[in-house]
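The values are calculated or read from the model by the stated rules, or taken from the named source; none is laboratory data. Small disclaimer: the values here were computed from a predicted structure and weren't measured. All Cβ positions, glycine included, derive from the backbone under ideal geometry; neighbour counts span all protein chains shown.
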Amino acid sequence: MSRVIQLPDTLDESTFEELISDLESARQGERLLFDARHVKWVSPYGLIGLLAAGQVGSDRTGLAPAIEVPDSSDVRSYLDRMDFWQNASTIYDLGARSTRPHGRSDALLEITPIRSHHDVHHVVERVREQAALILESRLHYPKPAVIQFSVMLSEVCQNILEHAEAVGWVCAQTYYWKRRLGRDVLVLAVMDVGLGFQGSLAAEHARRYGDRWSAATALEAAFLNGESRFRDPGRGQGLQAIRKQVTKWNGEVRIRSGDAMIARVPDWDDLSPLRADLPYFPGAQVLIVLPARAEEPVGT
Amino acid sequence: MTTLRPGPDPLVSEASLFSYLVTRPTGRAVRMGIEEQVASCEGEVLTVLDFKDVAVIDYSCADEVVAELAFIALGRPARLETDPGGPRRRFVLIRGLEAHHQDPIDSALRRRELAVAAELADGQSVLLGAVDESEANLWRLVCERESIGPQPLAGELGMPEGEARVRLDELYRRRLLLRRAGEYISFRRVLFESAGRRERRDTETGPSSS
C-alpha cells in the first residue's frame, strides 16, 4: 500500500508543520511518496526538513520513501546546488537519479551532515571566509561578528552530537526578505531526528518537574535556564550563548522538539515564544535568522 | 605544542594553542596534552596558555580547556606542604588574549565559579571569571608591584595586617597569585624570572633545544 504526501508549494519553517502532520498517520509497511512537483520555493529549513521528514517516514513505515522531483527548474537547480540529492540518497529511494555532489554553490553552506566533531570542525573552518563576506557586506555587522557566528555555528552543530544520538544536517543561505522584513537575512537551519530535548534531559531533570515534564518544559529548561543532560556545571552553555548572541543581533532563534517549540522572538516577528500543541516530530529542529542591521535614521 | 621551562620555583609550562578551538573532544585532547606535560612535575607549575594563534574558541572548548584546568588547579595538592618535594600545585595564566576569546572563557569560568589570570594581547593584566571588584583591585595592585607581603600591603591600603594576609591568601587559594617566603607574587614576575633563568643557562651552556 502507498500513500502520497503532498508537499506545499513553499517549503520552509511555516509549512513544515503541514508536512509533518501528514506524516503522523504513516504506518508500518506503507510506502510513502513525497510529491514535490508543485514546490516553487524552498528555504534551508525546508530543505533539511524534507530530509528529516523522509527519515521519519522511513523509520515509521520501514520502507525508503520515494520522491517526485519539483516541476520548477529553479527549484530543481537549487536542490542540485545544495547537494540535496546526495544527502537524500541514504533516506529516499531515488531510483537512477544522479547523486553526485555539486561542489561549491553561492550558498553560505550547502546541506552538510553532522555525524562527529570532525564534521563540526569542517563546517566552521569552511564557512569562515564566506561568512565574513556576508556578515560584513550584506548584513553590515562589525568585523568580529564572523567569530561570534563561527562560535554559534559550532555550538548549534554540537547540540546534535551531544543530544541527538543520531545524524543531523546543517544548511545556511542568505536572502532578501522583501515582504517580511525588507532586508537581507542569513538563515541557518540545523536538524536531527534523534532523542529530542525531552528524551535527552529526562534522566537528569524529569523527576524534578514531575507531571509537568514535557517537551515544552525540557525546551524551557535548556533554552532559558541553560540546563543540560549532564550534571557537570560547565555544560549547557551553548544554547544560552546562541540566545544571547542572536538577541544582540536582533535575530530570531526557534527550537522545535517533540510537540513543542520555543523561540527568542525579535520585534520584527510575531511568533509565539512557546508552543506546546504541535504535531509530534522526533529530534530537534533549529532555525536561526540574522537580519541585516537596520540603517540608522539620518541625523541621529 | 607544549614546552617546559626549567624551574625550580615554579616550573613554567607553555602551551601554544592552535587556530580553531571548537568542540569538546578537541578541547579535551588539548587539555590532556597539557596535563600530560606536567603530570610528573614536582612542586609548583605555572601553565601558560598562549592564545596568540587561536582564531576561534567556542564555549564548549573554553570549558574543556580553561575551566577544567582552572578546576584541576584548585584541587587539593597531591602532596603535603611538609613533603620534601613540596606540594604539587598548579596555576594557570592565559596570554595573547583577544577580545573575541574573552566571552566564552569568562562565561565557562563563571558557570563553575572559577577565575583565571590573563594578559591581553596589549600586555594588560586582567582576571576572567567569577571575581568581585575588591578581589580584582587587590590582584591588580599585586600585579603592579609584582610582589608584596601582607605588612606593606596593609600599610598601603590602611587595613590591619591580618586582613591583608587573609585577602592575599584568598587570591593564592584561588590560584591567582603565587606565594613564596611570605611574599605574594604575580605570574608576570614568575615569567620574568623564568626567562632570566633560561637566558643565564643559555649563556653558560649554549642554547639547547627542547
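So, of the residues in region A:111-139 that are exposed (fewer than 15 other Cβ atoms within 10 Å of the Cβ) and among the hydroxyl-bearing types (Ser, Thr, Tyr), which turns out to be nearest to A:Tyr45 (Cα to Cα)? Walk me through it before giving the result.
Our first condition is that a residue be exposed (fewer than 15 other Cβ atoms within 10 Å of the Cβ); within region A:111-139, this holds for A:115-116, A:118, A:122, A:129, A:133, A:136-137.
Narrowing further to those that are among the hydroxyl-bearing types (Ser, Thr, Tyr): A:116, A:137.
Details: A:Ser116: 21, A:Ser137: 24 Å.
Taking the candidates together, the pick is A:Ser116.
Condition test on A:Ile134, is it in contact with an Asp or Glu (Cβ under 9 Å, 6 or more places away or on another chain) and in a helix (DSSP H, G or I)? Give the steps one after another, and end with the answer.
Details: in contact with an Asp or Glu (Cβ under 9 Å, 6 or more places away or on another chain): yes; in a helix (DSSP H, G or I): yes.
Spelling it out, A:Ile134 is indeed in contact with an Asp or Glu (Cβ under 9 Å, 6 or more places away or on another chain) and in a helix (DSSP H, G or I).
Could you give me the residue pairs with C-beta distances under 9 Å whose first residue belongs to region A:99-118 and is closer than 16 Å to A:Ala189 by Cα, whose second residue is among the basic types (Lys, Arg) and at pLDDT below 75 wherever it lies, and which are 6+ apart or on separate chains?
Partner pairs satisfying both residue conditions: A:Glu110/A:Arg104.
Tally up the residues in region B:154-191 that are in a helix (DSSP H, G or I), more than 15 Å from B:Glu44 (Cα to Cα) and free of Cβ contacts under 8 Å to residues at least 24 places away in the same chain, please.
Residues flagged as in a helix (DSSP H, G or I), more than 15 Å from B:Glu44 (Cα to Cα) and free of Cβ contacts under 8 Å to residues at least 24 places away in the same chain within region B:154-191 amount to 11.
Quick one: in region B:117-149, which of the residues that are within 14 Å of chain A (Cβ to nearest Cβ) and part of a loop (DSSP other than H, G, I, E, B) is surrounded by the fewest Cβ atoms within 10 Å (Cβ to Cβ)? Break it down into steps so the answer makes sense when it comes.
Step one: list which residues in region B:117-149 are within 14 Å of chain A (Cβ to nearest Cβ), which gives B:121, B:129-130.
Restricting the remaining residues to those that are part of a loop (DSSP other than H, G, I, E, B) gives B:121, B:130.
Details: B:Ala121: 13, B:Ala130: 15.
This residue is B:Ala121.
Say we look at region B:19-44 and pick out the residues that are in a strand (DSSP E or B) and modelled with pLDDT of 90 or more; which of these is farthest from the other protein chains (Cβ to nearest Cβ)?
Filtering region B:19-44 down to residues in a strand (DSSP E or B) leaves B:20-21, B:44.
Keeping just the survivors that are modelled with pLDDT of 90 or more gives B:20-21.
Working: B:Tyr20: 6, B:Leu21: 10 Å.
Looking at residues that are in a strand (DSSP E or B) and modelled with pLDDT of 90 or more, I get B:Leu21.
Cβ-Cβ below 8 Å, separation at least six or inter-chain, first residue in region A:215-226 and within 14 Å of another protein chain (Cβ to nearest Cβ), second modelled with pLDDT of 95 or more and surrounded by fewer than 24 Cβ atoms within 10 Å (Cβ to Cβ): which pairs?
Sorted first by the residue in region A:215-226, then by its partner, the list stays empty.
Are any residues in region A:162-197 surrounded by fewer than 22 Cβ atoms within 10 Å (Cβ to Cβ) and either of a type in the set (Asp, Glu) or within 14 Å of chain B (Cβ to nearest Cβ) (or both), and if so, which ones?
Result: A:Glu162, A:Glu165, A:Asp184.
Sort out which residues of region B:84-94 are at pLDDT 95 or above and either more than 14 Å from B:Tyr172 (Cα to Cα) or within 14 Å of chain A (Cβ to nearest Cβ) (or both), and write them in order of number.
B:Ile94
Anything in region B:99-116 that is more than 8 Å from chain A (Cβ to nearest Cβ) and either touching a residue at least 24 places away in the same chain (Cβ under 8 Å) or in contact with a strand residue (DSSP E or B) (Cβ under 7 Å, 6 or more places away or on another chain) (or both)? List them, or say none.
Residues satisfying the conditions are B:His101, B:Gln102, B:Ile105, B:Asp106, B:Leu109, B:Arg110, B:Leu114, B:Ala115, B:Val116.
Return yes or no: is B:Val92 crowded, with 24+ Cβ neighbours inside 10 Å and outside any helix (DSSP H, G or I)? Give the derivation first.
Numbers: crowded, with 24+ Cβ neighbours inside 10 Å: yes; outside any helix (DSSP H, G or I): yes.
Criteria met by B:Val92.
If I ask for residues that are within 10 Å of chain B (Cβ to nearest Cβ) and touching a strand residue (DSSP E or B) at 6+ places or on another chain (Cβ under 6 Å), which ones from region A:126-147 would you list?
Within region A:126-147, A:Ile147 is the sole residue that qualifies.
State which residue is surrounded by the most Cβ atoms within 10 Å (Cβ to Cβ) when the search covers only region A:3-45 and only residues that are among the hydroxyl-bearing types (Ser, Thr, Tyr) and touching a residue at least 60 places away in the same chain (Cβ under 8 Å). Steps first, please.
Step one: list which residues in region A:3-45 are among the hydroxyl-bearing types (Ser, Thr, Tyr), which gives A:10, A:14-15, A:21, A:25, A:43, A:45.
From the residues that got through so far, the ones that are touching a residue at least 60 places away in the same chain (Cβ under 8 Å) too are A:21, A:43, A:45.
Numbers: A:Ser21: 13, A:Ser43: 22, A:Tyr45: 29.
Result: A:Tyr45.
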